[in-house]
Amino acid sequence: MTSPTQPSPHGGEGGAPTQASPHGGEGGAPLTPVMKQYREAKRQHPDGILLFRLGDFYEIFFEDAVAAAPIMGVTLTSRPLGKSGRAPMCGVPHHAWQSYVGKLLRAGHKVVI
């Protein structure tokens with residue numbers, strides 16, 4: 001449990017991640033280069049859960065993360081997204097992606113890697 005002054009590991013103060021738009025920061029906050037790449041890939045595949053490779057992990061952001069985390073059995077967390085809040089996210093190790101993708105497919109989701 002977090003105190004009112006201690007940030008939650010899931011974003012915000014003691015609560016769920018503050019949703020930020022995957023299409024740009026609210027109030028004109030610029031997107032990072034990674035988020036720009038993610039946004040373009042998601043624009044091309046809006047109906048699938050996008051697994052986006054970052055280093056040794058496949059990361060899932062925004063509403064995809066909110067939907068995928070409980071299905072895959074991983075923790076939903078968040079990352080800062082400028083002044084617009086936090087971006088919900090979850091991730092899986094790159095070497096284990098197949099078992100996680102299988103869970104998403106069995107649950108009826110389309111998956112984009």
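The values are calculated or read from the model by the stated rules, or taken from the named source; none is laboratory data. Everything numeric here is computed off the predicted structure, so don't read it as measured data. All Cβ positions, glycine included, derive from the backbone under ideal geometry; neighbour counts span all protein chains shown.
Figures for the structure shown
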| quantity | calculated |
| --- | --- |
| Long-range neighbours under 8 Å by Cβ, at least six apart or interchain, first residue assigned to a strand (DSSP E or B) within the stretch 75-89, second among the charged types (D, E, K, R) and buried (at least 18 other Cβ atoms within 10 Å of the Cβ) | Ser78/Arg86; Arg79/Arg86; Pro80/Arg86; Met89/Glu59 |
| Number of positions in the stretch 81-101 that are surrounded by fewer than 13 Cβ atoms within 10 Å (Cβ to Cβ) and either of a type in the set (A, V, I, L, M) or under 21 Å from Ala41 (Cα atoms) (or both) | 3 |
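Okay, residues lined up against (1) closer than 22 Å to Met35 by Cβ; (2) aliphatic (A, V, I, L, M); (3) at pLDDT below 95:
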position: Val66; (1), (2), (3): yes, yes, no
position: Thr75; (1), (2), (3): yes, no, no
position: Lys83; (1), (2), (3): yes, no, yes
position: Cys90; (1), (2), (3): yes, no, no
position: Val101; (1), (2), (3): no, yes, no
